[in-house]
1. Across every pair of different alpha-carbon atoms, what Kirkwood hydrodynamic radius in Å does chain A reach?
2. Please give the direction-averaged projected area of the C-alpha convex hull for region A:338-399, in square nanometres with one decimal.
3. Once you place label points 7 Å from the Cα toward the Cβ at residue B:40 and residue A:948, how far apart are they in nm?
4. Would region A:637-764 count as rounded, prolate or oblate if I go by the C-alpha gyration tensor, calling it rounded below 1.5 in a/c and otherwise prolate when a/b exceeds b/c, oblate otherwise?
5. What distance in nm separates the two pseudo spin-label positions at residue A:507 and residue A:189, each 7 Å out from Cα along the beta-carbon direction?
6. What is the angle, in °, between the Cα long axis of helix A:201-212 and the longest principal axis of the Cα atoms in chain A? Nearest 10 is fine, range 0 to 90.
7. Could you tell me the calculated FRET efficiency between residue A:644 and residue B:19, based on Cβ-Cβ distance and R0 = 51 angstrom, to the nearest 0.05?
8. Taking 0.36 nm per intervening residue step and subtracting the Cα-Cα distance, what contour gain separates residue A:384 from residue A:163 on full extension?
């Protein structure tokens, strides 16, 4: 096909397109299948343009165009074609789309075709047909199982520089987009009585039984068309084509209001207690999702009961050269024939170990293909099937196997060894492999249920004990339960649906089981061909051959988990869906054990790969997590504040004024304004907990390490909270609003943790105390008004009835007042800056108005707003410990708070704080530091060493925790923890910071740098 | 996982945070010995089987719960409000 023909075709318009489009699809049948031949869809693969039709997958469209080579294998770069027609496909991994939407490692078999789809093959250079790394096949002996453990061992120095980068480049799969995903994803929660996994005959019967009984049913299926293998086989139900039963059943299900059918939805994980994860590909079949529509949707489903009707996966045969393009699973061949109207080859040979594979013969013939041969590995071919095949002109060889294959980039012929040892060459361009079916036990084993071996179908089936607890029942039905025939699917599906609905309390009955056409299931699996030429692949995706399993056996890696890790059998994106059992079967032969004796690998979520975007949903970028805004946020934005993230909060860091080019200029100006006049700072982020009840004081005395119960009404106190292990949890303030009512404020960062701790103490440790608490952090906007003119400013908004004089509201006083003409407010005379200061709290709804009123009232006094940076500078100037010091490793004693701790009461952390390690006098404790050279800059994180010491872990004396440039003092100051610091004031040490090249001599001093006696506080 | 909170019903485990074994009793009062407290703070059994453990319904009713869970299967045999359990414990003391 030439590009010019295609271009002309596209210009011909839709009416003329179908016949021409079909002419360009040499392997498309003239009729049949779930496709619309009148809706052509142009697409490209590796830059070449092709035409598919509506209803195609990328895989079926490629096959229809005669494209058989679709990828190169992972390790040996061998040419590979389609093996399967579903999500188990190991070979046809492609990159879809381009630019930021490029999506690597997508299975062509599940990529729904749309007009303009761009796909590219992976892991090849320079092209798919001519892959330079195909030479890897020639050096296969060095690339055998575990090669990276033994081949590239010496010289060791080359591993990191040469071997690993080289192996990574050679063994790569697709390329990530490398740009932000432009699409949206969303997450939803859903609840149902019965979750049905799989939309084939068993699943639909289950949904019907449960839905008719009135149960809330969710049915999910990964395919974009419901019906499962009913769409892939030519079957009859109640004497009519199965499609009629299917459409009637779907119509009834759609009419039931409590039944939800989710196609394009993969149930990827089963979690405890009836929780399930599923991903719905809402927009994957569109070039670009519609505006405001998600690309994918993650479902978290809580189901009371579940029916696992996910079907079964066919097993390939293992023989030399079994990976040549054109060699496919027989079920996949029938899917391409019957569902997609595509002949996978003009001349098809069938290799089967059971009756099931023979079905392919009729289907190929019916679609106009030629059946070259049927090779049945059993000694006897069923006579009736043999007669029919021979009547169609097929050569039938019983008791034979395929001993080798030929063809450069696609299959040309197979060498068949007959029962008598004679080998004959049979020309064919497609070989259909049928070697039995593996029930999809994946989802059943997500909760650690072990599958059990079924001698009846030579496969693992779900064992007893899936799920647990009364709400978590999962029952398997149909092929997933090892009941492989259509009749069994319909029967067990309906029964499982009825049982599941009954378990939820619905009066459900299994629907009448329709009759089906007969089918044979006799089957004797052949785990590998007895003799064959060339590499016989077990795991196509990871290039694990039968010889690798022999090697693992020879070297003693025989346990199933070791086998997997040594050979990588069953790893990679398909997780061994087509390979695990063949691997076990071969190991069983080698060790003389049974397959269940060898064991089985367990499966973990996800069933198929799930895009990270789906898990993230809309939680990305700015919406990664909620944003909390302070009460003055609008004013801060209007006035150009610079914000800083503090947990979920966006706090103003500083509010620059025009002409202030540097943050430190703004911060210093804010500090100077507070120290000289007055400033206003938003403290809304503080955690505020309202504690009430007759035992509130007793309660606080047990959770705080210092005395609280003696606090008079109308007074505030400092609160020291320890953890039970004796370390500091947090500090805060507590205000006694009434005899039995307190408000405690704690650090912004610790608010949730402290609340949880207090509830733990109340509910679990001391349930007898009559006390209740509520977080009121969101309910109150709280501002710090600090500076010599704070009282004058406050006077401007507090109603005149209230006396603000020092005598009426002294340091650590608190009062309920009204502001702005009757608005309730709380005043606390608390200072974090060392200045005359108040914290004023108003109901959150008045927050913005109160802030603006305070700024207006302070204008005459020279007020400025100050942010978290100035707040921090001033607390360092005062030597108050904060988050950098209360870091989970320090005790109250370390921070100079030891004298506050009560000796006459029990409290959380009382005993453990005295453990020898925590009471060690040699511990690093809080001290102040200033540079000996006043011009030097200090860095938080610097470690302290003696002036003559060589920096080493052993000589480490502690570290600088907080630093600031103090505009009040005109030089840098720091707080830090240093061994015996409180006894070393005046001594000089090095503050050593090799990361940023800092090495400054500092002098140890008391932590309070400014106004150490607190004179300004009491103004 | 889903946990059946006595106040809120069966809820996704993302709403809860985990603390651990509910068996250790805090040695109360000024007479408590440091060794007892050390046990309470640090020493935990790690049974294969049923364990009663403390969970906190942080994104719900803020109740502490005693959840009886089988560590081998995650099967939850029962959930009770920790305060009720603690009150019963005190009453029986």
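Derivation of every value follows stated rules applied to the coordinates shown; laboratory data play no part. Computed from a predicted structure; not experimentally measured. We place every Cβ from the backbone using ideal geometry, glycine too, and count neighbours over all the protein chains shown.
1. Numbers: mean 1/r = 0.0293 Å⁻¹.
After inverting the pairwise mean of 1/r, the radius is 34.1 Å.
2. Details: hull surface 14.9 nm².
Projected over every direction and averaged, the Cα hull of region A:338-399 covers 3.7 nm².
3. My value for the distance between the label points is 4.9 nm.
4. Details: a/c = 2.80, a/b = 2.10, b/c = 1.33.
Judged from the Cα gyration tensor, region A:637-764 comes out prolate (a/c at least 1.5, a/b above b/c).
5. 3.3
6. With both axes taken from Cα atoms, the answer is about 60 degrees.
7. Numbers: r = 32 Å, r/R0 = 0.62.
According to the calculation, E is roughly 0.95.
8. Numbers: separation 221, 0.36 × 221 = 79.56 nm, distance 5.79 nm.
Taking 0.36 nm per residue and subtracting the Cα distance, the gain is 73.8 nm.
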